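One structure is given here, and the rest of the page talks about it.
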Amino acid sequence: MSEPTVFTRILNGEIPGEIVAETDRVFAITDISPQAPLHVLVIPKTEQYRDVAELAEGDPALLAEIIAVAKRVAAEKADGEFRLIFNTGPKAGQTVFHVHAHVLAGDLEEKSLIG
Ligand code: 5GP
């Protein structure tokens, strides 16, 4: 068995993290190293999918739920407008291989990207 990811450990309360939204299948946390006034990660509770391409192929409804939660968090915590980023693969800046959406909102630098 591989070790649980950092996100699963936050979900399970094993390490600290601020959970800002949750559904049966998805949770959202504030990023430990924010790159925008609002920087939240929206994450499926399952570790089954490493990246957004696997998720889209395996469970498109779960991907849609991630986007719905992103929209809700951006509406509740910012002005409702947001940038959604899925780093996919190490060369694209992905460091945690448990699929997650970066939700950036607030006054964004035009070129602010993650990775
Ligand atoms: P990636 O580089 O895989 O696209 O994104 C991983 C994100 O997870 C990074 O933005 C990083 O700051 C965030 N992160 C890594 N470890 C932790 C942690 O322990 N707590 C929280 N809240 N975020 C983390």
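Read the figures in this text as sums done on the coordinates, not as results from a lab. Keep in mind the model is a prediction, meaning the values are calculated, not measured. Please note: Cβ atoms are built from the backbone with ideal geometry, for glycine as well, and neighbour counts cover all protein chains shown.
For the chain, what is the largest minus smallest coordinate of the Cα atoms on each principal axis, given in angstrom and ordered from greatest to least?
Sorted largest first, the three principal extents are 42, 30, 27 Å.
Say R0 is 35 Å: what FRET efficiency, to the nearest 0.05, do GLN48 and GLU81 get from their beta-carbon distance?
So, using R0 = 35 Å, E works out to roughly 0.70.
Between helix 60-77 and the chain, what is the angle of the helix's C-alpha long axis to the longest principal axis, kept within 0 to 90° and rounded to the nearest 10?
The two axes meet at around 40 degrees.
Assigning unit charges at the beta carbon (Lys, Arg +1; Asp, Glu -1) and nothing else, what dipole magnitude in debye, to the nearest 20, does the chain show about its Cα centre?
Value, rounded to 20: 100 debye.
Binned at 5 Å from 0, what are the whole-percent values of the Cα-Cα distance distribution for segment 1-57, short to long?
For segment 1-57, the binned pair fractions read 4, 17, 27, 25, 19, 8, 1, 0 percent.
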